[in-house]
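A.B. asks: Just dropping this structure here.
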Amino acid sequence: MIWHLIHIIDIILWVLMAASVLYILFFALVSTLWRRRVSELTSYLTDKALSMRKKEYFSYLILYPAYNEDRVIVHSVRQFLGQYYPYESFHVAVISDHMQPETNQQLHELPITLLQPVFEKSSKAKAMQYAIDQIKEDYDFVIILDADNVVDSHFLEQLNEECAKGYKAIQCHRCAKNNNNDIAVLDGVSEEINNTIFRKAHNRIGLSSALIGSGMCFDYKWFKNNVHKLSTAGEDRELEALLLKQKVYIHYESDIHVFDEKVSNKDNFQKQRLRWMTAQIQSLFNLLPYIPHAIMTCNLDFIDKTIQQALIPRSMLVIATLGLSILMTPVSLFFDNLWYVKWWCLFLAICVALYIATPKQLRSHSVFGKILSLPVLVWSMVMNILKIDRKNTDFIHTTHDK
């Protein structure tokens with residue numbers, strides 16, 4: 001009787017994990033699909049036609065929601081102001097929340113708008129809402145950047161070319177700007193895997209990209225009309241849901257880089273993952289009621305986004321499938337060999353998927369050697385599950401290391 005019960009639990013666990021593994025493996029394989037190259041003649045004629053047409057410079061509002069970001073915000077803003085783009089066509093606004101007077105003074109001396117709200121409970125959503133209420137000018141597009149984000153001098157010029165194609169929502173390629181220790185490297189690799197699976201691969205078959213939270217560009221009117229609908233600390237997931245409900249396609253542009261500082265200590269890693277896991281659970285419960293309508297209207301993007309929120313985190317999948325494979329191997333010697341074979345197959349599948357999704361330049365022995373740090377980090381994530389409160393909307397701030 002007891003073995004029958006264990007077998008049932010074993011099957012249920014395997015099916016739940018297999019669903020997440022197969023989703024990741026499918027999109028990892030999709031990312032390798034051949035992309036039709038443009039012939040040299042076509043490229044030449046296109047470039048010539050564009051050069052003959054008068055170039056349109058859209059106007060951009062760049063928002064930096066900055067909570068306790070004294071260490072990085074001034075450098076990031078100064079870096080951005082060096083854009084090779086008509087100065088009158090972009091404007092930077094920093095929402096300074098709980099920052100030091102010295103930092104605010106340095107920002108005040110720059111040619112930007114400095115906003116200093118006082119929130120009882122701070123959040124990125126509240127900062128963006130405050131900025132839109134305070135800034136009276138109209139723009140064509142709004143760009144959301146984190147305080148530690150750094151871009152090169154051609155960022156706006158490149159983004160302007162994508163906006164000219166008619167996209168109303170664009171996610172830029174956020175990538176690591178630091179690799180100072182094992183945790184930072186793993187965090188950077190994890191984000192690149194996300195870029196492959198949830199952005200590049202999705203666009204490759206016509207589905208919307210996932211948003212990240214920064215390096216995002218939206219049609220200004222759309223953003224202004226929808227930003228006040230945000231209510232949780234997972235504002236990027238809420239923005240995704242709003243876009244997909246309205247069937248606005250999210251484009252991922254891998255050639256426009258936004259350099260982001262990766263967490264480099266265990267405490268910050270744990271805080272960051274707690275925030276993400278809480279936002280994922282909240283998003284899942286918010287999306288589920290709209291699934292019947294999405295099915296009836298064939299809104300595949302919305303259905304896919306709901307499935308994403310139900311996925312088990314990848315690092316937890318790797319450790320769980322490996323652990324259960326090892327556990328079931330001796331048990332299966334006395335019962336059915338399929339007990340452990342199916343687990344080893346699942347472990348192999350998730351490893352293959354993550355290897356494919358990892359960019360070639362990161363598939364080095366030195367990078368994969370840092371995976372030894374993973375068990376400790378995953379244990380922190382498991383402990384985070386006990387702290388998740390799907391009704392909690394408090395902002396969990398991740399500090400930057402000095």
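A.B. asks: Is there a residue being of a type in the set (D, E, K, R), in contact with a Ser or Thr (Cβ under 6 Å, 6 or more places away or on another chain) and over 23 Å from Asp260 (Cα atoms) anywhere in segment 144-154?
C.D. replies: No, every residue in segment 144-154 fails to be of a type in the set (D, E, K, R), in contact with a Ser or Thr (Cβ under 6 Å, 6 or more places away or on another chain) and over 23 Å from Asp260 (Cα atoms).
A.B. asks: Looking at this structure, is Asp133 among the acidic types (Asp, Glu) and crowded, with 18+ Cβ neighbours inside 10 Å?
C.D. replies: no
A.B. asks: Still on this structure: Name, by its number, the condition in (1) more than 23 Å from the chain's Cα centre (by Cα); (2) within 25 Å of Arg71 (Cα to Cα); (3) surrounded by 17 or more Cβ atoms within 10 Å (Cβ to Cβ) that does not hold for Ile144.
C.D. replies: It fails just one condition, (1).
A.B. asks: Here's something else I'd like to know. Within the group Ser315, Ser373, which residue is surrounded by 15 or more Cβ atoms within 10 Å (Cβ to Cβ), small (Gly, Ala, Ser), modelled with pLDDT of 60 or more and under 18 Å from Val185 (Cα atoms)?
C.D. replies: Answer to the selection: Ser315.
A.B. asks: Which residues, taken from segment 1-25, are among the aromatic types (Phe, Trp, Tyr), under 23 Å from Gln308 (Cα atoms) and more than 19 Å from the chain's Cα centre (by Cα)?
C.D. replies: Within segment 1-25, just Trp14 meets the criteria.
A.B. asks: Quick check on my filter: what residues within segment 156-197 are free of Cβ contacts under 8 Å to residues at least 40 places away in the same chain and within 14 Å of the chain's Cα centre (by Cα)?
C.D. replies: Passing the criteria: only Asn194.
A.B. asks: Of the residues Tyr85, Tyr67, which single one is farther than 22 Å from Ala233 by Cα, among the aromatic types (Phe, Trp, Tyr) and buried (at least 16 other Cβ atoms within 10 Å of the Cβ)?
C.D. replies: Testing whether each residue is farther than 22 Å from Ala233 by Cα, among the aromatic types (Phe, Trp, Tyr) and buried (at least 16 other Cβ atoms within 10 Å of the Cβ) leaves just Tyr85.
A.B. asks: Going through segment 21-35 one residue at a time, which ones are part of a helix (DSSP H, G or I) and in contact with a helix residue (DSSP H, G or I) (Cβ under 6 Å, 6 or more places away or on another chain)?
C.D. replies: Residues satisfying the conditions are Val21, Ile24, Leu25, Phe27, Ala28, Val30.
A.B. asks: Another question about this same structure. State whether one or more residues within segment 128-150 are of a type in the set (Gly, Ala, Ser) and at pLDDT 95 or above.
C.D. replies: Looking through segment 128-150, at least one residue is of a type in the set (Gly, Ala, Ser) and at pLDDT 95 or above.
A.B. asks: A follow-up question, please. Consider only pairs whose beta carbons are under 6 Å apart and that are at least six residues apart or on different chains; among these, list those whose first residue lies in segment 96-115 and is farther than 18 Å from Phe80 by Cα and whose second residue is of a type in the set (Asp, Glu) and not in a helix (DSSP H, G or I).
C.D. replies: Every condition considered, the pairs that remain are Met99/Asp70; Gln100/Asp70.
The values are calculated or read from the model by the stated rules, or taken from the named source; none is laboratory data. Model, not experiment: these values are computed from the prediction. Positions of Cβ are backbone-derived with ideal geometry, glycine not excepted, and every protein chain shown enters the neighbour counts.
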